[in-house]
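The values are calculated or read from the model by the stated rules, or taken from the named source; none is laboratory data. Bear in mind that the values here come from a model prediction, so they are computed numbers and not experimental data. As a convention, Cβ positions derive from the backbone with ideal geometry for all residues, glycine included, and neighbour counts pool all protein chains shown. What goes into the accessible areas is simple: the full protein's heavy atoms, side chains included, and nothing from ligands, DNA or RNA. Shrake-Rupley method; radii C 1.70, N 1.55, O 1.52, S 1.80 Å.
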Amino acid sequence: MSGFSLADLATIVTTRGRSGDPGSYTAKLIGEGVARTAKKFGEESFEAALAAVSGDRQALTAEAADVLYHLLVMLEAGGVPLADVMAELERRTAQTGLAEKASRAPAGKNG
């Protein structure tokens, strides 16, 4: 098992995104703004869903990596640190999933 973590990737994205390096894909994406990073994240998410439905494990693995990378790029562009997302996940896992989801549902909507 690799010692590489999502936090490691987030650090790389932050460093490259703020580098101003014209040869950095990460810096280019972040420089294009949140809307562009959100579009890329959406595209990669869709591709991952298609790979999952097709049953292609190798493609799903590759697309999932793209999703995680583009999520972190979008978070960086939006000024949201991974630590904030992890804190939110930690808060949510303090109760059962159904109870947590119900606590987020707008009044009159059962999701």
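Shape of the chain from its Cα gyration tensor (a ≥ b ≥ c, root eigenvalues): rounded if a/c is under 1.5, otherwise prolate when a/b > b/c, or oblate?
Numbers: a/c = 1.72, a/b = 1.39, b/c = 1.24.
Verdict is prolate for the chain.
Excluding residues on the same chain fewer than 8 positions from LYS101, give the aspartates and glutamates whose Cα lies under 19 Å from its Cα.
ASP84, GLU88, GLU90
Rounded to the nearest 500 deg cm²/dmol, what is the calculated helix-only ellipticity per residue at 222 nm for the chain, with -39500 (n - 2.57) per DSSP H run of length n ≥ 4? Before the final figure, lay out each step's value.
Working: 6 runs with 80 residues, N = 111.
Taking each H run of at least 4 residues, the total per residue is -23000 deg cm²/dmol.
Work from the charge dipole of the chain (Cβ charges, +1 for Lys and Arg, -1 for Asp and Glu, about the Cα centre) and give the residue of THR37, ALA83, THR93 farthest towards its positive end.
In the chain, that residue is THR93.
Excluding same-chain residues fewer than 8 positions from LYS28, which aspartates and glutamates have a Cα within less than 18 Å of its Cα?
Straight-distance partners of LYS28: GLU43, GLU44, ASP66, GLU76.
With a 1.4 Å probe and all protein chains in place, put PHE46, PHE41 in order of accessible area, largest first. Kindly include the intermediate steps, with their values, before the conclusion.
On the way: PHE46 130, PHE41 50 Å².
The residues order as PHE46, PHE41, largest area first.
Determine the order of ILE12, ILE30 by accessible area, beginning with the largest, at a probe radius of 1.4 Å.
ILE12, ILE30
Can you tell me the relative contact order of the range 1-107? Whole percent, Cα pairs under 8 Å, sequence separation 6 or more. Walk me through the numbers on the way to the answer.
On the way: 77 pairs, mean separation 27.6, N = 107.
That works out to 26 percent.
Mind checking the dipole of the range 1-108: about its Cα centre, +1 per Lys or Arg Cβ, -1 per Asp or Glu Cβ, Debye to the nearest 20? Before the final figure, lay out the partial values.
On the way: 11 positive and 14 negative charges, 47 e Å.
So the dipole magnitude of the range 1-108 works out to roughly 220 debye.
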